[in-house]
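What follows is calculated from the coordinates using simple rules that are stated; it is not laboratory data. Computed from a predicted model, the values in this text were never measured in an experiment. Cβ placement follows ideal geometry from the backbone for every residue including glycine, while neighbour counts extend to all protein chains displayed.
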């Protein structure tokens, strides 16, 4: 009898929302667009690092807004 593996969606960095969460279609579209706009200019690891830095910057910016 075949068994079915059920996986729980995992949170992902989302630049659109500046957060880690289970991403939906608008989030994936924003992520894909961000990467596609930069692919000819950088290596994958550099892109991943830059994306993470942008998400973290947006998260920090949102935290700072909340402190004002």
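Remarks
- Cα-based helix-to-principal-axis angle, 25-38 vs the chain, degrees rounded to 10: 60
- Comparing 53, 30, 42 in a Gaussian network model of the chain where C-alpha atoms under 10 Å apart are linked, the largest mean-square fluctuation is found at 42.
- Using the rule -39500 (n - 2.57) for each DSSP H run of four or more residues, divided by the residues of the chain, the 222 nm mean residue ellipticity is -19000 deg cm²/dmol.
- A Gaussian network model of the chain, with springs between Cα atoms under 10 Å, assigns the largest mean-square fluctuation among 56, 29, 43 to 43.
- Rounded FRET efficiency, nearest 0.05, which uses the C-beta distance separating residue 4 from residue 41 and R0 of 35 Å: 0.25
- Mean separation of Cα contacts under 8 Å, 6 or more apart, over the residue count of the chain: relative contact order %: 30
- Here the ratio of the Cα radius of gyration of the chain to 2.2 N^0.38 Å is 1.41.
- Calculated FRET efficiency for the pair residue 60/residue 22, C-beta based, R₀ 22 Å, to 0.05: 0.50
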